[in-house]
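This report concerns only the one structure given below.
The values are calculated or read from the model by the stated rules, or taken from the named source; none is laboratory data. The shown structure was predicted, so the numbers you read here are calculated from the model rather than taken from an experiment. Cβ placement follows ideal geometry from the backbone for every residue including glycine, while neighbour counts extend to all protein chains displayed. Heavy atoms of the whole protein, side chains included, go into the accessibility calculation; ligands, DNA and RNA do not. Shrake-Rupley method; radii C 1.70, N 1.55, O 1.52, S 1.80 Å.
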Amino acid sequence: MEIKNISEQQIANDIRANLEMILVENTWLLKQMDFNEVAALVNYIGAANHIFIIAAGRSGFAMRSAAMRLMHLGLKVYFVGETTTPAIIKGDLLIAASGSGTTSTIVKAAQKAKEVNAMVVAISTQGRSLLSDFSDHLILIPAAGKQDFERNRSGQYAGSLFEQFLLLLMDSVFQSLWKVEGIPAAELWERHANLE
Ligand SMILES: O=C([C@H](O)CO)[C@H](O)[C@H](O)COP(=O)(O)O
């Protein structure tokens, strides 16, 4: 990639402006959310024997972070696709995050989860999608779709806003669960990886 003749100060200013735009977009999204939809997720998590999480690409990175924090709380959490992930069965919960709601591995996982009568919570930018058809509950994040090349809802590339907000939202869910459980941080830390 050729870096054009641009001063370090111009780049610094541009990066700062971008970060401001990203924070503004995430704050805008916060105001569009129905947090009762998110509150329901806490009930699904509380009722589940095991929690399975699936998401792909950058959405997957955000949800891997969420899986780690839920594990720190002492929940039995598996990220779909890891070699040690067991079968999902009735009484379990699948949290399936897909901005588009069409990523085939995620739709298939939700379909399988419903076949065995597990519960499915979807998180998506789409109110109706292939994924929502196999979901008991939907959390709508009305961010830009990853193929909204006109960039109507976000100045950022592809699904970046959804993926950022997903991470922030799941950290907020963790904070609520942590508060409810009242577990001291030092106790959570005992579950933190010591082989890293
Ligand atoms: O990595 C991603 C891509 O760069 C879009 O910004 C997506 O997270 C990946 O393609 C999965 O897509 P969705 O299932 O639609 O979230």
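Tabulated values for the structure
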| item | result |
| --- | --- |
| Partners for K112 among lysines (Cα-Cα distance below 29 Å; same-chain residues under 8 apart left out) | K76, K90, K146 |
| Accessible surface of region 13-180, 1.4 Å probe, proportion on carbon and sulfur as whole % | 56 |
| Long-range HN-HN contacts of I123 with modeled amide H, under 5 Å | A96, A97, S98, I139 |
| Potential extension, L195-D14 segment - 0.36 nm per residue separation minus Cα distance | 61.3 nm |
| For region 123-137, 3J(HN,Hα) per residue [Karplus equation, 6.51 cos²θ - 1.76 cosθ + 1.60, θ = phi - 60°, Hz, x = Gly/Pro] | 10, 7, 7, 9, x, 10, 7, 4, 5, 5, 4, 10, 10, 7, 8 |
| Folded to 0 to 90 degrees: helix 57-72 orientation relative to the chain principal axis, Cα | 50 |
| Integer Hz, Karplus 6.51/-1.76/1.60 couplings in order for region 35-45, x for Gly and Pro | 6, 5, 4, 6, 4, 4, 4, 4, 5, 4, 5 |
| Selection from S132, F35, A110 lying farthest towards where the dipole of region 1-133 points positive, charges on Cβ | A110 |
| The chain: radius of gyration and largest Cα-Cα distance (Dmax), Å | 18.2, 60 |
| Within a Gaussian network of the chain (alpha carbon springs, distance under 10 Å), most fluctuating of A67, A97, A186 | A186 |
| Mean accessible surface per residue for the chain, computed with a 1.4 Å probe while every protein chain stays in place, in Å² | 60 |
| Set of lysines near K108 by C-alpha distance (under 16 Å), chain-local residues within fewer than 8 positions excluded | none |
| About the Cα centre, charge dipole magnitude for the chain (Lys/Arg +1, Asp/Glu -1 at Cβ), debye | 340 |
| Amide H contacts under 5 Å for V77, placed H, 5+ residues apart | I51 |
| Helix-only CD estimate at 222 nm, as mean residue ellipticity for the chain, using -39500 (n - 2.57) per DSSP H run (n ≥ 4) | -15500 deg cm²/dmol |
